[in-house]
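Derivation of every value follows stated rules applied to the coordinates shown; laboratory data play no part. Being a predicted model, the structure only gives us computed values, none of them experimental. When we count neighbours, we look across all protein chains shown, and the Cβ atoms used for this are built from the backbone with ideal geometry, even at glycine.
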Amino acid sequence: MKKYVLNPEEFRRLQLVQLELLVEFDRVCRKHNIDYVISSGTMLGAIRHKGYIPWDDDSDIMMLRSDYERFKTVMNDLNPDICFFQDHTTDPEYRWGYGKLRRTGTEYIRLGQEHMKNKTGINVDVFPYDDIPKTTIGQMIQDFYCYCCRKILWSEVGRVNCKGFMKLWYSLLSKIPTKSVFKWLDYYSSKSRKDSPNKVRILCFTSIGKLYVKHPLKDRYGIPKKWFTDRAEFEFEGKQLIGTKDYDECLRFWYGDYMKLPPVEQREQHAPVSSIDFGDAPINYKQEQ
């Protein structure tokens, strides 16, 4: 399949659909006193642009594991005309170790994932963060453990898109049941406690401390819980969303000099698609907003 390039009008519409999802997620979390914070490019956009980074095509939320699990108990409070929540417990064909808020009545198919059987739709990523071991050695062992689980889950994509030995390798890995992988990941997630002093990470995602800025080993594998618990409101596209109160420390860890714009050639989509259908979305926002 070929990459579908959104025109400027479609790109802005995509952002506004995601904004609708963020606002609905925020509504339910406020109603039930569940903590969340906008993260990565969404947090950066709030600080640097008061909304979306102009070339950013995704939105991110992060939560501590306990809040993530609490949210799942009240996800039926989401307006079904707007969105639904998806993870491996609500969609048996879904292979990722974090959740997505999907816009009802839309289609959004990632390039190279046309053969996947999980439900699709324009989405916002919802990342649960779990405790990491206190020692650097323990963190490195956990990181390798998580890397293996992540590759097994991704193998259904790799077996189709890779070539040669890697195609064969991912074809073999794809035979491992996803239920087994999620059970292995539960070994760590079940140990997470909101009141523990441990740092946290996303189990099924590259460690943030080596994703954009490669930090020293002692800081590479986790981030402090205070970024989830010490929170404040921030303006985002004229709405009020929740983010890390010490956004400067958080964004410097993520990006370094975050107020400096990247070169023009690096201002591109993060999640290329082969197919997109907006349906009747958005229902609450005008494109020129």
Point to revise | Filter on LYS31/LYS117; LYS100/LYS191; LYS117/LYS183; LYS2/LYS50; LYS151/LYS226 - keep pairs with C-alpha separation over 27 Å | key: LYS31/LYS117; LYS2/LYS50; LYS151/LYS226
Study note, to complete from the structure: The ³J(HN,Hα) series, computed from each phi in the range 160-167 with the Karplus coefficients 6.51, -1.76 and 1.60 at θ = phi - 60°, rounded to the nearest Hz and given as x for glycine or proline, is 8, 9, 8, 10, x, 4, 5, 5
Review point. Near the amide H of VAL273, under 5 Å away, which other amide H atoms are found, from residues 5 or more places off or on another chain, if H is placed in the peptide plane?
Key: TYR4, LEU111
Review point. Among rounded, prolate and oblate, which fits the range 136-289 when a ≥ b ≥ c are the square roots of the eigenvalues of its C-alpha gyration tensor, a/c under 1.5 means rounded, and a/b larger than b/c means prolate?
Key: oblate
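What ranking do MET259, MET75 get, fewest neighbouring Cβ atoms within 10 angstrom at the top? Before the final figure, lay out each step's value.
Values: MET259 11, MET75 18.
The fewest-first ordering by Cβ neighbours comes to MET259, MET75.
Does the range 173-224 come out rounded, prolate or oblate, given a ≥ b ≥ c as the square roots of the eigenvalues of its C-alpha gyration tensor, rounded meaning a/c under 1.5 and, failing that, prolate meaning a/b above b/c? Walk me through the numbers on the way to the answer.
Values: a/c = 3.77, a/b = 1.41, b/c = 2.68.
Note, shape of the range 173-224 comes out oblate.
When CYS162, CYS83 are ordered from fewest to most other Cβ atoms inside 10 Å of their Cβ, what list results?
Working: CYS162 16, CYS83 27.
Lowest to highest Cβ neighbour count: CYS162, CYS83.
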Point to revise | Point-to-point label distance, ASP81-LEU111, nm (Cα→Cβ direction, 7 Å offset) | key: 3.6
Check your understanding: Can you give the charge dipole size of the range 117-184 about its Cα centre, rounded to the nearest 20 debye, using +1 on the beta carbon of Lys and Arg and -1 on the beta carbon of Asp and Glu?
Key -> 440
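Need one number: % antiparallel among DSSP beta bridges in the chain, to the nearest 5. Provide the component values of the computation, followed by the final result.
On the way: 24 of 29 bridges.
Roughly 85 percent of the DSSP beta bridges within the chain come out antiparallel.
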Exercise for review: Please report the Cα spread of the range 1-75 along all three principal axes, rounded to whole Å, starting with the longest.
Suggested key: 38, 32, 18
Practice item. Could you go through the range 204-213 in sequence order and give the Karplus-derived ³J(HN,Hα) for each residue, using 6.51 cos²θ - 1.76 cosθ + 1.60 with θ = phi - 60°, rounded to whole Hz, and x for Gly and Pro? Key: 9, 7, 3, 3, 4, x, 9, 7, 10, 10
Review point. What are the ³J(HN,Hα) values, in whole Hz, obtained from phi via the Karplus relation 6.51 cos²θ - 1.76 cosθ + 1.60 with θ = phi - 60°, for each residue of the range 130-135 in sequence order, with x given for Gly and Pro?
Key: 10, 4, 10, x, 7, 8
Practice item. Would you please name the trypsin sites (Lys or Arg not before Pro) within the range 1-44 that are DSSP coil residues with at most 14 other C-beta atoms within 10 Å of their C-beta? Key: LYS2, LYS3
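Does the range 1-126 come out rounded, prolate or oblate, given a ≥ b ≥ c as the square roots of the eigenvalues of its C-alpha gyration tensor, rounded meaning a/c under 1.5 and, failing that, prolate meaning a/b above b/c?
Because a/c hits 1.5 or more and a/b fails to exceed b/c, the range 1-126 counts as oblate.
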